[in-house]
Amino acid sequence: MLYLKEEKDGVIFKVRVQPRASGNGLAGLFGDAVKLRLTAPPVEGEANEACRAFLAKLLSVPPSHVEILSGSTGRNKTIRVLGVSAEKALSAFSAVIS
């Protein structure tokens, strides 16, 4: 079951990042987190920036609205996205949570 918390200004959810993948995309669920495959390597914040950019594009918000709350040095991250409802986030993740 996906962890997703709606706040007054956006949503918070968990992701599990697989860096150095062959392509960027959603890869299913990993426990209560959405698994992301990213081509960026996990060095000098490249995977974090790729994560922010991918989620911003997926949820149709500017990258500045995507914040990594915790896990910036690991694969498991907690993300806050401003300006997105829980319904919109669930719709964006529907391919992997159904």
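Output the antiparallel fraction of DSSP beta bridges having both residues in the chain, as a percent to the nearest 5. Walk me through the intermediate numbers first.
Working: 19 of 23 bridges.
The antiparallel proportion sits near 85 percent.
Roughly what angle does helix 46-59 make with the longest principal axis of the chain, taking Cα atoms, 0 to 90 degrees, to the nearest 10? That works out to roughly 30 degrees.
Close Lys pairs in the chain, defined as Cα atoms under 19 Å apart and 8 or more places apart or on different chains, number 14.
For the stretch 4-98, the list of GluC sites (Glu not before Pro) that fall in a loop by DSSP and count at most 16 other C-beta atoms within 10 angstrom reads GLU44.
If you take the beta carbon distance between LYS8 and LEU90 as r and set R0 to 22 Å, what does 1/(1 + (r/R0)^6) give as a FRET efficiency, to the nearest 0.05? Please report the intermediate quantities before stating the final value.
Working: r = 18 Å, r/R0 = 0.80.
For R0 = 22 Å, the calculated efficiency reads 0.80.
Karplus-derived 3J(HN,Hα) values for the stretch 22-28, using 6.51 cos²θ - 1.76 cosθ + 1.60 with θ = phi - 60°, are 6, x, 8, x, 7, 10, x Hz; glycine and proline are entered as x.
With the contact rule set at Cα under 8 Å and sequence spacing of 6 or more, what percent relative contact order holds for the stretch 4-97?
Values: 184 pairs, mean separation 30.5, N = 94.
Computed over the stretch 4-97, the figure is 32 percent.
Can you compute the helix-only [θ] at 222 nm over the chain? Use -39500 (n - 2.57) per DSSP H run of at least 4 residues, normalise by all residues, nearest 500 deg cm²/dmol. Could you put the intermediate results ahead of the total?
Working: 3 runs with 25 residues, N = 98.
For the chain, the value works out to -7000 deg cm²/dmol.
Mean shadow of the stretch 4-97, computed from the convex hull of its alpha carbons, in nm²? Walk me through the numbers before you get to the answer.
On the way: hull surface 21.0 nm².
Computing the convex hull of the Cα atoms and averaging its projections yields 5.2 nm².
Bear in mind that the values in this text are calculations on the coordinates, not laboratory data. The model shown is predicted, which means the values in this text are computed figures rather than measured ones. Cβ atoms come from the backbone with ideal geometry, glycine included; neighbour counts cover every protein chain shown.
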